[in-house]
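Everything below concerns the one structure shown next.
The values are calculated or read from the model by the stated rules, or taken from the named source; none is laboratory data. This one's a predicted model, so the numbers in the text were calculated from it and none came from an experiment. Here the Cβ positions follow ideal geometry from the backbone for every residue, glycine too, while neighbour counts run over all protein chains shown. Ligands, DNA and RNA are excluded from the accessible area calculation, which covers all protein heavy atoms including side chains. Shrake-Rupley method; radii C 1.70, N 1.55, O 1.52, S 1.80 Å.
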Amino acid sequence: MSDDRSHPPYAASAAVSAPPPIPPRTPPPVRDRTRLAIALMCAVSLIFAFQDVFSRILGGGYPPVLIVMIRYWVFAIFVIALVARQPGGLKRAIRTKRPLTQIARGVILALEVTLMVEAFVQLGLIETHAVFSVYPLLVAALSGPVLGESVGWRRWTAIVIGFTGILVILNPGGGVVSMAALLPFAAALMFALYGLLTRHVSRDDPAMVSFFWTGVSGAVAMTLIGIWDWQWLAPVDWIWMACLCACGMSSHYLMIRSYELAEASALQPFAYTQLVWVSFLGVWLFDETLRSNVVIGAAIVVAASLFTLWRQRKTSA
């Protein structure tokens, strides 16, 4: 006598009683947050512009090293508080595989900020930022000797064109070139070196470690330099200083958020909106003149910088 379960009717009934197959879950669509990141970067550029306004107001009455020192004290407190909330806390942030490079980064950035404040006072916001916009070209030019990266002829051509734009801004034939014009260029050179060193340490240290060392080492360096020029600010100037520090904290926080949402190469072009805001505020608040050679030269520099960024993104893709 055969087993009834081997007959087709049993198999059919078993198939009917089995639960229906569960369809595969479709993952929720990934939201493209690039637009939000771009909006945040534009907001950061606007805040940076107001930060420069407050720096120029204070720089007209106090030594730049004093202004930057107080600003870095607040910045260091903000960095420590922010890093302490991250996984691992301060113990993780202190541990770095490249302490000397991290310290050098923080010191270079603090000195760069000091030069920029002095340039705001001597040259004004517009011309300072027009010259400073050359820093992406300096990053490309220095990436070879500092990081060992190869720079092709297209990017070298863009670098040469960008420096031509700087000459248009400075207008050597007009007899207006002064030593003060070297301040924003030196600041751009230091900022480019800071960016390259940041890329160098990012191979071993996470972003929060670098952020911690930037704030703390910069605060220590500026204290050693600026404490000798200490003086109490006038009551109204403490208000400007509070605005400056608030802009510094909010801009850095929003910048971190924007880089968490999108690639840096996608956001960098929108950082140039700061040049637009600075030009508007310089004319409106300080009666600065937007000379035609500055506009043309800045356009050349920005175009060359954007091309360099595009080539870097394309070659690294």
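Tabulated results
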read-out	value
Rounded FRET efficiency, nearest 0.05, which uses the C-beta distance separating Arg85 from Ala242 and R0 of 25 Å	0.60
FRET efficiency estimate (nearest 0.05) - Cβ-Cβ, Arg92 to Leu290, R0 51 angstrom	0.60
Degrees, to the nearest 10: 64-84 long Cα axis against longest axis of the chain	10
Gyration tensor (alpha-carbon) shape descriptor, region 34-314, a/c threshold 1.5	oblate
Highest-MSF residue in the chain out of Ala303, Ala264, Ala130 [GNM, Cα springs under 10 Å]	Ala264
Dipole in debye (nearest 20) - the chain, about Cα centre, beta carbon charges: Lys, Arg +1; Asp, Glu -1	800
Accessible area of region 34-314 belonging to carbon and sulfur atoms, whole % at 1.4 Å probe	70
Relative contact order for the chain, counting Cα pairs under 8 Å that sit 6 or more residues apart, in percent	37
Solvent exposure of the chain as accessible area per residue, Å², 1.4 Å probe	54
C-alpha long axis of helix 135-147 to longest principal axis of the chain, angle in °	70
Proximal charge balance of Ile126 [Cβ under 10 Å; K/R count +1, D/E count -1]	-1
Helix-only mean residue ellipticity at 222 nm for the chain, each DSSP H run of n ≥ 4 adding -39500 (n - 2.57), per residue, nearest 500	-25500 deg cm²/dmol
Label-point separation, Gln122 to Ala299 (7 Å along Cα→Cβ), nm	2.9
Derived scalar couplings ³J(HN,Hα) [region 94-111; Karplus, 6.51 cos²θ - 1.76 cosθ + 1.60; whole Hz; x for Gly, Pro]	6, 6, 9, 7, 9, x, 5, 5, 5, 5, 4, 4, x, 5, 4, 5, 5, 5
Loop-exposed trypsin sites (Lys or Arg not before Pro) per DSSP, neighbour cap 12 Cβ within 10 angstrom, longest uninterrupted part of the chain	204-317
Cut-off 14 Å between beta-carbons: net charge of the residues surrounding Ala303, Lys and Arg +1, Asp and Glu -1	+3
Sparse-neighbour loop sites [chymotrypsin sites (Phe, Trp or Tyr not before Pro); region 201-250; at most 12 other C-beta within 10 Å; DSSP]	Trp230, Trp232
Proximal charge balance of Cys247 [Cβ under 14 Å; K/R count +1, D/E count -1]	+1
Nearest-ten-degree value, helix 273-286 long axis tilted from longest Cα axis of the chain	30
